[in-house]
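The values are calculated or read from the model by the stated rules, or taken from the named source; none is laboratory data. Worth saying up front: this structure is predicted, and the values here are computed from it rather than measured. As a convention, Cβ positions derive from the backbone with ideal geometry for all residues, glycine included, and neighbour counts pool all protein chains shown. Surface areas here come from the heavy atoms of the whole protein model, side chains and all, with no ligands, DNA or RNA. Shrake-Rupley method; radii C 1.70, N 1.55, O 1.52, S 1.80 Å.
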Amino acid sequence: MKKLIAISLFVVAIITAHVLTLRSVPSVIMTKAIAAMGKRGIPEYKFVLSEPVTLETQTIVRSSPDLAYSICLFDLSNGPVFVSGAKWHGYGSLTIFDGVTDAVYIASLDAADTNISGSVVLTMDDKFISKEHPVAILNKPKGIALIRRLAPSTALFERVQTLSELDLCSPLSATHK
Amino acid sequence: MIKTALKYSLFVCLGIFIGVLSALWMSGLVGGHRPKLAATVVVDNWTADWAIGAKGATPYMRAFVARYGLLALPKTEAVYFVRTVDDDGDALVSSCDYRVSGEAQMAKWWSITLYNDKGYLAASEGDAYSIDQTGLGDGSWSAEVSAKEGLNKSSLLSSKNVDRFELLLRIYKPDAELLEFPHKNLRPPSILRLSCQSEAP
């Protein structure tokens, strides 16, 4: 009987630890990534255009040196957040990543895709309705809004620098009074 | 009684250890193992996984991507093909020069970037990190992979200061036909080994 109990405890411990570890890895990695970006000076509720990806500036594995990345860290604890990316003549996208690394919303910022909005309201309230913008419901308060724009040359990156000042990432109460 | 409780605790601790370790190993986070993925696409040794960035990916895949491809895009936005061997199946190494050649992809834009075996940009002179459609045009193209200096930057991938390396083909806004029938519609670049430095005496 004691042997059976010991084996049962052993098996249950393996399965429980295995499942909990698997489920927590994305969340742990995302939390660490958000904290690391914060330490690098990326504030909440503001898009920051990263330097061109080079040997010296890369911080994430397999970053593309052809893209200009604008990052905004957000926290929905105090209410919905409005995110908007300016259109770009070339490949461009706005992606919202939640606290477990899932891409919960993607919008094209390519000026050729005129029918697709580059704006979204982020909220944890599944009853929230917006007549003006798409709404993305998140399960966790913290996440990352990431804008990618194709800029394989210095000249294009400089154009992104100017354009990116139009990108918005702020509490909804501040932008829609 | 205490002896029995200690014995049970030992079994539980051992179980937790094995459970954690097996989860990390099966996710590719320890031990160098890459999880076997249901949506793997391999075309001429260029390997991609359509599950990257997808919500429906397995827990092992999600853990792997969180570690090695954080903030990756789903396949409708971009697909990523990795290649670590040349056309003869030998590992890509900086002591050899290669010619990479191919055609335009069925997509909005493509690029190929050289990373070291940890997935980071390799040390390279002149920022020759990648080649792309903008520099090489919309038709057939070829470029050189070399650790040598002074080559044309728009058609060079520098392998300087790395040992083994990988090439990552990014295809942005792939056509639906490419996503549906990748074996038929991907135009996989070839990687021909040109020459290698002789071994030191």
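Has the stretch B:67-90 got at least one residue that is at positive phi, modelled with pLDDT of 90 or more and surrounded by fewer than 17 Cβ atoms within 10 Å (Cβ to Cβ)?
Yes, the conditions are met somewhere in the stretch B:67-90.
What residue, among those in the stretch A:20-39 that are at the interface with chain B (Cβ under 9 Å from one of its Cβ atoms) and open to solvent by 70 Å² or more (accessible area, probe 1.4 Å), is farthest from A:T59 (Cα to Cα)?
Filtering first and then ranking leaves A:L20.
Of all the strands (runs of 3 or more DSSP E) wholly in the stretch B:62-144, which have at least 2 residues that are within 11 Å of another protein chain (Cβ to nearest Cβ)?
B:78-83, B:107-116, B:130-132
Limited to the stretch A:46-67, what total is found for residues that are at pLDDT 85 or above and out of contact with any helix residue (DSSP H, G or I) (no Cβ under 8 Å at 6 or more places or on another chain)?
The number of residues fulfilling the criteria is 7.
Which numbered condition trips up A:S108, out of (1) over 24 Å from B:R67 (Cα atoms); (2) open to solvent by 10 Å² or more (accessible area, probe 1.4 Å)?
Answer for A:S108: the failing condition is (2).
Within the stretch A:26-42, is there a residue that is of a type in the set (D, E, K, R) and touching a helix residue (DSSP H, G or I) at 6+ places or on another chain (Cβ under 9 Å)? First the steps, then the outcome.
Of the stretch A:26-42, the ones of a type in the set (D, E, K, R) are A:32, A:39-40.
Now narrow it down to the ones that are touching a helix residue (DSSP H, G or I) at 6+ places or on another chain (Cβ under 9 Å): none.
The answer is no; no qualifying residue exists.
Which of the residues spanning the stretch B:1-12 are assigned to a helix (DSSP H, G or I) and either charged (D, E, K, R) or more than 8 Å from chain A (Cβ to nearest Cβ) (or both)?
Answer for the stretch B:1-12, where residues must be assigned to a helix (DSSP H, G or I) and either charged (D, E, K, R) or more than 8 Å from chain A (Cβ to nearest Cβ) (or both): B:I2, B:K3, B:A5, B:L6, B:K7, B:S9, B:L10.
Please specify each residue of the stretch A:140-177 satisfying the condition of being at pLDDT 90 or above and open to solvent by 60 Å² or more (accessible area, probe 1.4 Å).
Hits for the stretch A:140-177 are A:K140, A:K142, A:A155, A:E158, A:R159, A:Q161, A:T162, A:E165, A:L166, A:L168.
Given the residues A:S70, A:S63, A:S27, which is the only one that is closer than 27 Å to B:T58 by Cα and not in a helix (DSSP H, G or I)?
Residue meeting the stated conditions: A:S63.
Name the one entry in A:Y91, A:Y69, A:Y45 that is open to solvent by 40 Å² or more (accessible area, probe 1.4 Å), closer than 29 Å to A:T154 by Cα and in contact (Cβ under 8 Å) with a residue 40 or more places away in the chain.
That would be A:Y45, the only listed residue that is open to solvent by 40 Å² or more (accessible area, probe 1.4 Å), closer than 29 Å to A:T154 by Cα and in contact (Cβ under 8 Å) with a residue 40 or more places away in the chain.
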